[in-house]
Structure formats: C-alpha cells, structure tokens
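The values are calculated or read from the model by the stated rules, or taken from the named source; none is laboratory data. These figures come from a predicted structure and were not determined experimentally. With ideal geometry, Cβ positions are generated from the backbone for all residues, glycine too; neighbour counts draw on all protein chains shown.
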Amino acid sequence: MKVIVTGGAGYIGSVVAALLIEAGHEVIVLDNLSEGHQYSVPKSARFIKADVRDFANVISKEDKIDAVLHFAALISAGESVTSPEKYWKNNTVGSLELLEALRKLDIKKLIFSSTAAVYGNPKNIPISEEEAKNPTNPYGMTKLAVDMAITSECYAYGLAATSLRYFNVAGAYKKFGEGHNHETHIIPLAIEAAEQGNEFTIFGEDYPTKDGTCVRDYIHVYDLARAHLLALEKLEPSKHKIYNLGNGNGYSNHQVIETVEKVTGKHLITKVGARRPGDPAILVASSKLAKKELDWKPEKPELETMVGDALAFYRTIRQ
Ligand SMILES: NC(=O)c1ccc[n+]([C@@H]2O[C@H](COP(=O)([O-])OP(=O)(O)OC[C@H]3O[C@@H](n4cnc5c(N)ncnc54)[C@H](O)[C@@H]3O)[C@@H](O)[C@H]2O)c1
C-alpha cells in the first residue's frame, strides 16, 4: 500500500513508519516538526514538512494514497490543562481538517492514535473498550472528540477506520525511540535522571494504590507498532473499530523506578512532589478484543525489556 504517516517524525509514528517500510509499503511521512525530529524519519520514506491542517494543499488525488495513519498530535495531558485551546486546535481541528481532506481526496482507509486518557478514572480494571468515557483532561477530550468524528465519517461515506487506544508506550526499535523535547513520560525521565545523577520527582504518593504511586500499563513500542500493521489489513468499509492496546499488567511508579535502577545499574535520587492535575490512579488495559480480532500478541511484554531498549536508545541516539 501507499500510505501517509502523519506525525511520523515523532516517537511512535517513526517506529510504525519503519515497520511499514520493512513490510514493503511505500511510506510518506507528513510532520510539521513542532515536536518531532527530521532524524527520526526513516531514510526510505518521503518526507513532507507540513501541518496536518494543510493536508489537502500538499496531497492530491494523483498521489494515489491508499491509507493514512494519523499520529500527529500534541500529547502532554498536563499542558492541555493549562493551554486547552492549543490542544483543541491542533488535535481536534487538525483531525477534522484531515477527515475532510480524506473525503475530498477519496482516501478511504484510516488508522488513528487514540489513548487510554479517554477513559479518565475508570470504574473497572482492566479497562475494556466498553468502559465509560470520562476524560479528566483536555488532551483526552480532544482525542475522544476525534474518535466520535471518525465514527460519523464512517457512517456518512464508507470510510474504513480503526482507533487504537494506547496505554503507556515505552521502549525503542532499532534507532527509533522516545525523544520528546518536553518529556513528561516516566521511563525516559527516570533514565535521564539516573544517567545524569539528577533528582527525580515522583508526582504524588497518596493515591489509593498498593504503594501510593500511580499504576500504569506499559506496552513496548514495537508491539504497539505491529498492531497498526495488523489493523491496516483488517479495515472494513463503513466500520469504525476501536481497540485498547496494553499488556494487562500494572506497574506502580516505584516499580518503574526499581526497574530503571536495576537496568541502568545506578541509584536514582527521588523526591515526592504534588500530584499532576488530571492523573488517574490506575490505568490497566484489557486488550482481549485486539488479541481476538487483530490476532495480535505482544512479543515484548516485560517492563525490563522496555527499559533496556529505552536505555540503549538514550545512550546511543538521544544523549
Ligand atoms: N506516547 C504515548 O505513550 C502515547 C499514549 C497514548 C496515545 N499516544 C498518541 O500517539 C501519537 C504519537 O505520540 P508520540 O508519543 O509519538 O508523540 P510525538 O510528539 O513524539 O509525535 C507526534 C508528532 O506529531 C507531530 N505533530 C504534532 N502536531 C502536528 C500537526 N498539527 N501537523 C503535523 N505534525 C504534527 C509532531 O511534530 C511530532 O513529530 C499521538 O497522537 C498521541 O496522542 C501516545
């Protein structure tokens, strides 16, 4: 297939672009480089530096695109609380512009990066796709709004779409890894603190969990990326499918810190700070549906493997 990966200069998009190329697809990366890096775009992908809101101006029917994998978004839940309009404009308006362009250009296949943040504070753990959607921050709201817009486009004109709701993505694949400019994710932050001998802040130790810190479900970026290729093959006209992607194992922040110390061989100096606004206590996925319908099975479910791969990326590429 000839595919466009929006946000393909970012962390997850670059890994998916690399796997798509390895599987024989022709890949175009479209990214405005607001957060991504040109060095993250796989060498054999064509690169278009553009905003997703300009999709219809830079892509034409003659490009004969079969499918779009839409990763381009701003991703910091905390920043979305203080600058919500930035998130609504970029993530929701951007995606609406993209949906309009897809219809105009007759591109009928879409994979969308949704998130566990759409569930907010869930009643049931593990979280299935049936769980109530009550996002606790604007980031999650913008993604839920796009999911709803996609459902209506599928109904309106036969778009074939899948939303993948990622839990916490970690690790690296070959030379592609997590290199956010404003990093908010615990594993790269803890690795950097351990390697540099800096103090590391734990956001809240008074959550109703086994050790008082937040519990999250970590998924290796390679396993996550493989799910995109499977989903692409199983798209069906007029259907909007939605799958949660995680491993079903919850790790507390303390457990993540212990794993980072073990893998780096370095002691992490920690201090306890205030909770971050909008951070739910526990997010653990049920990925039963993805396993059944996409025939997806994680190959790298161990947290130690994810931290090891993230550390290798940090030491060789990121530092
Ligand atoms: N990283 C995670 O743990 C996680 C979890 C759940 C969902 N997601 C979703 O996965 C997707 C990718 O996340 P990531 O961690 O790779 O983030 P990232 O910041 O590394 O990548 C996002 C990319 O999108 C680009 N971008 C942003 N807005 C754009 C726009 N308007 N036009 C063109 N390009 C634009 C950025 O420059 C960047 O390269 C996002 O949609 C995010 O919401 C990520």
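Structure above, values below:
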| quantity | calculated |
| --- | --- |
| Selection status of residue 238, assigned by TED's automatic domain parsing to the domain that holds residue 297, touching a residue at least 40 places away in the same chain (Cβ under 8 Å) and surrounded by fewer than 22 Cβ atoms within 10 Å (Cβ to Cβ) | no |
| Count of residues meeting criterion [without any contact (Cβ under 8 Å) to a residue 24 or more places away in the chain and outside any helix (DSSP H, G or I)] in region 173-191 | 2 |
| In region 139-153, residue modelled with the highest pLDDT [restricted to those that are within 16 Å of the chain's Cα centre (by Cα) and hydroxyl-bearing (Ser, Thr, Tyr)] | 142 |
| Every pair of residues 6+ apart whose Cβ atoms lie under 6 Å, when the first sits in region 17-29 and is among the β-branched types (Val, Ile, Thr) while the second is part of a loop (DSSP other than H, G, I, E, B) | 21/42; 21/44; 27/45; 29/8; 29/41; 29/45 |
| Residue within region 104-127 that is over 24 Å from residue 61 (Cα atoms), surrounded by fewer than 21 Cβ atoms within 10 Å (Cβ to Cβ) and either within 12 Å of the ligand (Cβ to nearest atom) or hydrophobic (A, V, I, L, M, F, W, C) (or both) present | yes |
| Filter pass, residue 210 being touching a Cys at 6+ places or on another chain (Cβ under 7 Å) and over 15 Å from residue 313 (Cα atoms) | no |
| Some residue of region 216-225 being within 15 Å of the ligand (Cβ to nearest atom), part of a helix (DSSP H, G or I), more than 23 Å from residue 252 (Cα to Cα) and under 17 Å from the mean Cα position of the chain (by Cα) | yes |
| Residue match in region 295-305 (condition: within 27 Å of residue 154 (Cβ to Cβ), out of contact with any Asp or Glu (no Cβ under 9 Å at 6 or more places or on another chain) and outside the structural domain of residue 127 (by TED's automatic domain parsing)) | yes |
| Failed condition for residue 132, given (1) small (Gly, Ala, Ser); (2) away from the ligand (no atom under 12 Å from the Cβ); (3) in a helix (DSSP H, G or I) | (3) |
| Residue within region 192-204 that is within 15 Å of the ligand (Cβ to nearest atom) and touching a residue at least 60 places away in the same chain (Cβ under 8 Å) present | no |
| Tally, over region 81-95, of residues that are within 12 Å of the ligand (Cβ to nearest atom) and not aromatic (Phe, Trp, Tyr) | 8 |
| Subset of region 1-56 (residues that are modelled with pLDDT of 95 or more and aromatic (Phe, Trp, Tyr)) | 11, 47, 55 |
| Wholly within region 3-80, strands (runs of 3 or more DSSP E) carrying at least 3 residues that are closer than 30 Å to residue 136 by Cα and within 13 Å of the ligand (Cβ to nearest atom) | 67-70 |
| Pair list, Cβ < 6 Å and 6+ apart or interchain, from region 273-294 residues that are free of Cβ contacts under 8 Å to residues at least 60 places away in the same chain to residues that are crowded, with 17+ Cβ neighbours inside 10 Å and part of a loop (DSSP other than H, G, I, E, B) | 287/246 |
| From the options 140, 171, residue that is surrounded by 17 or more Cβ atoms within 10 Å (Cβ to Cβ) and either acidic (Asp, Glu) or on the phi > 0 side of the Ramachandran plot (or both) | 171 |
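This table checks each residue for (1) touching a strand residue (DSSP E or B) at 6+ places or on another chain (Cβ under 7 Å); (2) among the charged types (D, E, K, R).
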| residue | (1), (2) |
| --- | --- |
| 156 | no, no |
| 161 | yes, no |
| 175 | no, yes |
| 180 | no, no |
| 187 | yes, no |
| 192 | no, yes |
| 198 | no, no |
| 202 | yes, no |
| 212 | no, no |
